[in-house]
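This report refers to the structure that appears directly beneath it.
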Amino acid sequence: MKTVGYGLSKELLKAAVLQESLMQSENDLIRETAAKRNDLESYLFTMRDKLDGPLKAYATNLERMQFQALLENTSNWLYDEGYTCFNSSCLLAYTNLIV
């Protein structure tokens, strides 16, 4: 009686496991990037509202206008280049706002 094996060879199985691992890493990066992009977008909306509300008394008109321009530029970047950015680019854009 001859036994017939089914499935992948050890080499093909290793390659498939490696490919699955790479795909999982890519999916993780995509989810993390989407979360960072969302955090940045939330910060932009929150700060726009606060500049005309509770933080208005703490900044001069010039400071407020400068920061609003920075928020607007960052928002434009986010919806243009930032839409395809990776985690580090979104984090850098966010860091530039809070420093």
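Taking the conditions exactly as written (under 29 Å from T84 (Cα atoms) and in a helix (DSSP H, G or I)), does L22 satisfy them or not? Quick ask: steps written out before the conclusion?
Working: under 29 Å from T84 (Cα atoms): yes; in a helix (DSSP H, G or I): yes.
So L22 passes the test.
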Query raised in the report: Which of the residues spanning the range 49-89 are farther than 30 Å from E26 by Cβ and assigned to a loop (DSSP other than H, G, I, E, B)?
Result: D52, G53, P54, L55, A59, T60
Query raised in the report: Does at least one position in the range 28-48 carry a residue that is over 27 Å from C85 (Cβ atoms) and outside any loop (DSSP other than H, G, I, E, B)?
Result: no
Query raised in the report: What are the pairs, 6+ residues apart or on separate chains, where a residue within the range 48-75 that is surrounded by 13 or more Cβ atoms within 10 Å (Cβ to Cβ) has its Cβ under 9 Å from a residue that is outside any loop (DSSP other than H, G, I, E, B) and among the charged types (D, E, K, R)?
Result: R48/E72; L51/R64; L55/R64; R64/K56; Q68/R48; L71/R48; S75/E41; S75/R48
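Bear in mind that the values in this text are calculations on the coordinates, not laboratory data. What you see is a predicted model; the values in this text were computed from it and never measured. Don't worry about glycine lacking a Cβ; one is built from the backbone with ideal geometry, like all the others, and counts go over all protein chains shown.
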